[in-house]
Structures are given as structure tokens and as C-alpha cells.
1. Using +1 at the Cβ of each Lys and Arg and -1 at the Cβ of each Asp and Glu in the range 1-63, identify which of Ala19, Cys44, Pro34 lies farthest towards the dipole's positive end.
2. Whole-Hz ³J(HN,Hα) for each residue in the range 78-85, computed from phi via Karplus 6.51 cos²θ - 1.76 cosθ + 1.60 with θ = phi - 60°, x for glycine and proline: what do you get?
3. Could you tell me the ratio Rg/Rh of the range 1-84? Both radii from Cα atoms, Rh via Kirkwood.
4. About the Cα centre of the range 21-74, what is the dipole size in debye to 20, counting +1 per Lys and Arg Cβ and -1 per Asp and Glu Cβ, all else neutral?
5. Starting from the amide H of Tyr51, placed 1.01 Å from N in the peptide plane, find each other amide H under 5 Å away whose residue is 5 or more places distant or on another chain.
6. Within the range 1-75, what whole-number % of the accessible surface is contributed by carbon and sulfur, with the 1.4 Å probe and all protein chains included in the calculation?
Amino acid sequence: MNTVEDLTGSRWHPSAVYANDVSVEERIFVEFKPDGKVTGIGGCNRFFGGYAIEGDQIRIGPIASTKMGCPGKFELETSFFSALQAAKSWEARRHDTHVAGCQRPAACAIL
């Protein structure tokens, strides 16, 4: 069973968002802070928000971000923020591979 300790203090790099692979070269990640806050980079902009966990259920957001313009990054970043906020459950798998699940599989982030 997953515990808050499995998630707290961790940094996740997505491997896919909305069924689209994310290159390892992309500068995109989310960190789960011990104080119930998330921070990270969405590909261009820094972001922050809150999260709450109850068992295997997770709620992330609302997410706010800086507003820098980065050509070619907007779609991935918007999708990443959407997928994080749509997450309903989470699961730790195989040595630090994590999945943020949601109600519609096409709207999930695989981290």
C-alpha cells in the first residue's frame, strides 16, 4: 500500500502526458513537498500549488505558474498541468516509477 511518505519529498519526471511520450530532455518535473505543496517546472514555467493524499487518492491543485513565453512548450505544459489537476489516485511502482491516475485514461500523467 502507498503511504504519504512514499510521495513526500519526491521529484517526478513525466514519461507521458495525455498518451504522448515526454522526452527525457524536456525540463519538466513536479516535486511533492512535506508541507502539502507541489512545485516544479512545466517545460517552461515554474509552477506551484497544493496536494492532499488520503490512502491511494490524491488531489492536486489548483496550480498557478509564472507566465514566460517559450515557443513550442505551451501545449505540453498546459497538458501536464491539466493531467496533474485531473489526478484522482496514485501508485508507487517498481523502484521510483510512479503513476498519477485519473478518471479518463487519456488524461493521465505517467511519472
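1. Towards the positive end, the residue furthest out is Cys44.
2. With coefficients 6.51, -1.76 and 1.60, one gets 4, 5, 4, 4, 4, 5, 4, 6 Hz.
3. On the way: Rg = 12.8 Å, Rh = 13.3 Å.
Rounded to two decimals, Rg over Rh is 0.97.
4. Details: 7 positive and 7 negative charges, 70 e Å.
My answer is approximately 340 debye.
5. The list, which skips near neighbours in sequence, is Lys37, Val38, Gly61.
6. Numbers: 2500 of 4700 Å².
After summing per-atom areas, the C and S share lands at 53 percent.
The values are calculated or read from the model by the stated rules, or taken from the named source; none is laboratory data. Note that the coordinates shown come from a computational prediction; the quantities given were computed from them, not determined experimentally. In this analysis, Cβ positions are derived from the backbone assuming ideal geometry, glycine residues included, and neighbour counts consider all displayed protein chains. Note: accessible area is taken over every heavy atom of the protein model, side chains too, but ligands, DNA and RNA are not part of it. Shrake-Rupley method; radii C 1.70, N 1.55, O 1.52, S 1.80 Å.
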